[in-house]
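Asks: Below you'll find the structure I mean.
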Amino acid sequence: MSKGNFLRISLASLLVCYASAGQADTTWLQTKLFNNSSNEINKSSVYGGLLYLRPYSNNLKYATFVSGEQPYSQSWHYQEINPSYHPSFELGINYAIPHTLYSLSASWLYLDSNDSSSKQADPARVLPTVEFVGPPYEMSPPVFGIKRVNSSVNFNFNSILLNGAKIIEFGNNIQTKVFGGISFLKLNQTIDTVFSDYEGATITPYSYPLPADPSFSFETQNVSKYFGAGPDFGLSMRYRSSCGLGLMGEFLGMLTAGTIQAQDNFTSTSARLTLVGIGTSHQEITTPNVTQVVMGADGKLGIFYTYIGKNIPEFTVEVGYRIASYLNAISSINPNTLVQPGLVVGTPEFSTGTMAIVSTNALSHSFNYNGPFINFKLAIA
């Protein structure tokens, strides 16, 4: 639904609401909605939500594509996975402490997504206009003959909140809730990248000729895992009209501490490896598990409608948009520089299916998501 249609529908709903305010049942409905007793204001409920979220982190660059005339007019183009929107869900329960404005709640948000991207270079081997792809940390002659790269990313996200809340009333139309408690955060990210289609490269002043290798494949797998817990604090506000239609906004901040693990795995095959009796080469870079502090923020804005019948419970539908960010929730570890083979044929290099690493780097990254949501809430007491 476009923003224009969304606004038109919302305005039309408000007009219908106010147009019907003079009907016979309005007095009864207003009494139900705005009864000042704590039993009417604070109600136990269960809810379920559907979300359409786009996850994102700032470490999704998986390769560099080089084109143009070598070596003075070449262009470098970063290749990056651009995640799309994915369905996810949220479940929750709210227990209203009888005859008070206090409540206890628990909720769970779950997202599991997969996205991919690829790049195919021109298979021609003509040196002045050669095209090729390679990892960001290796763009020297050993990758001149690589013509294709495929990459995918998986995000697995779980957020559990256990909170206590107090309702604060501002007149009959505005309700504010202050809440806080403990949040649990679990986030796994896996990026798989495969370089293939090795057409070889012609001789240059800096390297020997590289023959084509149909068996060449070089896969990198970067894995980050985080699990932590810590305090959270939030504020929500709701404005409700006399016919049950209203506006809502909510903001939650949290600080979790937990363990983060990062690992980069390399799996490769090539004709050169087969010649020396190695069918598949395995290499890896690992780091010890370390304590990581993650600061998060989660906000949502939307509209809602509450329906109350004489013989049915209170039922609320919420529709809106949600944005969240978690700083330093992802860690990546990659080679920084490699040994350059020069004219020494026996030096391990990317084109042989293995590599000699000079240095590595480890970086922290944020995890973010945004997208529309719809919630259904049913009062149970």
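Asks: In degrees, nearest 10, range 0 to 90: what is the angle between the Cα axis of helix 3-19 and the longest Cα principal axis of the chain?
Replies: 10
Asks: Kindly provide the helix-only [θ] at 222 nm of the chain, computed as the sum of -39,500 (n - 2.57) over DSSP H runs of four or more divided by all residues, to the nearest 500 deg cm²/dmol?
Replies: -2500 deg cm²/dmol
Asks: Same structure again: Rounded, prolate or oblate: which fits the chain when a ≥ b ≥ c are the square roots of the eigenvalues of the alpha-carbon gyration tensor, with rounded for a/c under 1.5 and prolate only if a/b beats b/c?
Replies: In terms of gyration-tensor shape, prolate.
Asks: Answer rounded, prolate or oblate for segment 222-299, using the Cα gyration tensor with square roots of eigenvalues a ≥ b ≥ c: rounded when a/c is under 1.5, else prolate when a/b is larger than b/c, else oblate.
Replies: The shape class here is oblate.
Asks: Let's see if you can work this out: charge +1 on each Lys and Arg Cβ, -1 on each Asp and Glu Cβ, no other charges. What is the dipole magnitude of segment 257-381 about its Cα centre, in debye to the nearest 20?
Replies: With Lys and Arg at +1 and Asp and Glu at -1, about 320 debye.
Asks: With just the Cα atoms of segment 224-381, tell me how far they stretch along each of the three principal axes, in Å, largest first.
Replies: Projected onto the principal axes, the Cα atoms of segment 224-381 cover 84, 30, 26 Å.
Asks: With every protein chain present, what is the per residue accessible area of the chain (1.4 Å probe, Å²)?
Replies: That works out to 49 Å² per residue.
Asks: While we're looking at this one, here's another question. What is the chain's relative contact order, in percent, from Cα pairs under 8 angstrom and six or more apart in sequence?
Replies: 16
Asks: Contour minus end-to-end for Ile160 and Tyr208, with contour as 0.36 nm per residue of separation and end-to-end as the Cα-Cα distance?
Replies: Gain on stretching Ile160 to Tyr208: 11.6 nm.
Asks: Also: Obtain the nm distance between the two label points defined at Ala297 and Asn58 by a simple spin-label model: each point lies 7 Å from its Cα along the Cα-to-C-beta direction.
Replies: If labels sit at Ala297 and Asn58, their model points lie 1.4 nm apart.
Asks: Cα gyration tensor of segment 141-284, axes a ≥ b ≥ c as square roots of the eigenvalues: rounded (a/c below 1.5), prolate (a/b > b/c) or oblate?
Replies: The shape class here is prolate.
Asks: Projecting each Cα onto the charge dipole of the chain (Lys/Arg +1, Asp/Glu -1 at the beta carbon, about the Cα centre), which of Pro335, Tyr208, Val46 comes out farthest on the positive side?
Replies: Checked the options; the winner is Val46.
Asks: Evaluate the charge dipole of the chain about its Cα centre and quote only its size in Debye, nearest 20, assuming +1 on the Cβ of each Lys and Arg and -1 on the Cβ of each Asp and Glu.
Replies: Computed about the Cα centre, the dipole is about 1240 debye.
Asks: Between Thr274 and Thr190, what FRET efficiency follows from the Cβ-Cβ distance if R0 is 35 Å, with the result rounded to 0.05?
Replies: 0.80
The values are calculated or read from the model by the stated rules, or taken from the named source; none is laboratory data. This is a predicted model, so every value here is computed, not measured. With ideal geometry, Cβ positions are generated from the backbone for all residues, glycine too; neighbour counts draw on all protein chains shown. The area values use the complete protein model at the heavy-atom level, side chains included, leaving out ligands, DNA and RNA. Shrake-Rupley method; radii C 1.70, N 1.55, O 1.52, S 1.80 Å.
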